[in-house]
Amino acid sequence: MACNLSKGYAIPCKDITGGISAIYMCNAGSIDTITYASDEISDMIGTIEIFKYELNNSANAMTTTLTSSKESGTTFYSTSLAVTMPKLSKEQTAELKLISYGRPSIIVVDRNDNAFLLGTVNGCSLESATIQTGGAFGDMSGIVLEFLSEEVSAPDFINGAIAANPLAGMSSATVTVTQGTNS
């Protein structure tokens, strides 16, 4: 593997926004094969059902941290994903239980219409979930989820993603998008 630098960095235009608009979860093992071209996912093989979770507030964040050790010669990426889902329901807490047992892959769509795949090889782990309801009328009543993904590379960009289906560009995959509900 070549370790030589290949590019510089110029200050870009201020034409982007922060934040996450939606996440999509799929069960571990539903993506059979991933093909890469130009440092992004260009195709997938598999019958993939993705479950959409719409997000509408600024309490959602994805942070990737690279950890490299000269002592052990290792490098890996840890990505934490914080998701806030307002409005408690028994259906939501039942689904939370299933999420906590599995290791789903998660697609994060940001407010710039970029789509990233977390848990490509090792899946994502639900590290904590806080079910809360505040004391004041304006306090949140809902669930805060904290996921962790640890991989040998940063979350991959997905080519051909569109707002309605972040896997629309995956011509070799059969994709079903299951929309979220209000319960």
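With respect to the conditions (1) in contact (Cβ under 8 Å) with a residue 40 or more places away in the chain; (2) part of a strand (DSSP E or B); (3) small (Gly, Ala, Ser), Gly169 falls short on a single one, namely (2). Among the aromatic types (Phe, Trp, Tyr), in contact with a strand residue (DSSP E or B) (Cβ under 6 Å, 6 or more places away or on another chain) and within 19 Å of Asn114 (Cβ to Cβ): is that true of Tyr24 in this structure? Against the criterion (among the aromatic types (Phe, Trp, Tyr), in contact with a strand residue (DSSP E or B) (Cβ under 6 Å, 6 or more places away or on another chain) and within 19 Å of Asn114 (Cβ to Cβ)), Tyr24 qualifies.
The set of residues from segment 136-183 being among the β-branched types (Val, Ile, Thr) and in contact with a Pro (Cβ under 8 Å, 6 or more places away or on another chain) comprises just one member, Ile158. Any residue at all in segment 89-109 that's under 15 Å from the mean Cα position of the chain (by Cα) and among the charged types (D, E, K, R)? Yes.
Among the residues here, Ile143 qualifies as farther than 23 Å from Ile34 by Cα, among the aliphatic types (A, V, I, L, M), in contact (Cβ under 8 Å) with a residue 40 or more places away in the chain and buried (at least 17 other Cβ atoms within 10 Å of the Cβ). Of all the criteria given as (1) more than 17 Å from the chain's Cα centre (by Cα); (2) closer than 22 Å to Ala94 by Cα; (3) surrounded by 12 or more Cβ atoms within 10 Å (Cβ to Cβ), the one not satisfied by Ala173 is (2).
From the list Gly180, Gly160, which residue is modelled with pLDDT under 95, closer than 19 Å to Ile31 by Cβ, of a type in the set (Gly, Ala, Ser) and more than 15 Å from the chain's Cα centre (by Cα)? The unique qualifying residue is Gly160. Of all residues in segment 114-149, those being in contact with a strand residue (DSSP E or B) (Cβ under 8 Å, 6 or more places away or on another chain), of a type outside the set (A, V, I, L, M, F, W, C) and part of a loop (DSSP other than H, G, I, E, B) number 7. Counted as qualifying within segment 1-110 are the strands (runs of 3 or more DSSP E) with 2 or more residues that are of a type outside the set (Val, Ile, Thr) and crowded, with 16+ Cβ neighbours inside 10 Å, namely 20-26, 40-54, 74-86, 105-110.
Just to be sure before I move on: is Ala115 aliphatic (A, V, I, L, M) and surrounded by fewer than 18 Cβ atoms within 10 Å (Cβ to Cβ) in the structure I sent? Answer is no for this residue.
The values are calculated or read from the model by the stated rules, or taken from the named source; none is laboratory data. Here the structure is a predicted model, which means the values were calculated and not measured. Cβ: placed from backbone, ideal geometry, glycine included. Neighbour counts: every protein chain shown.
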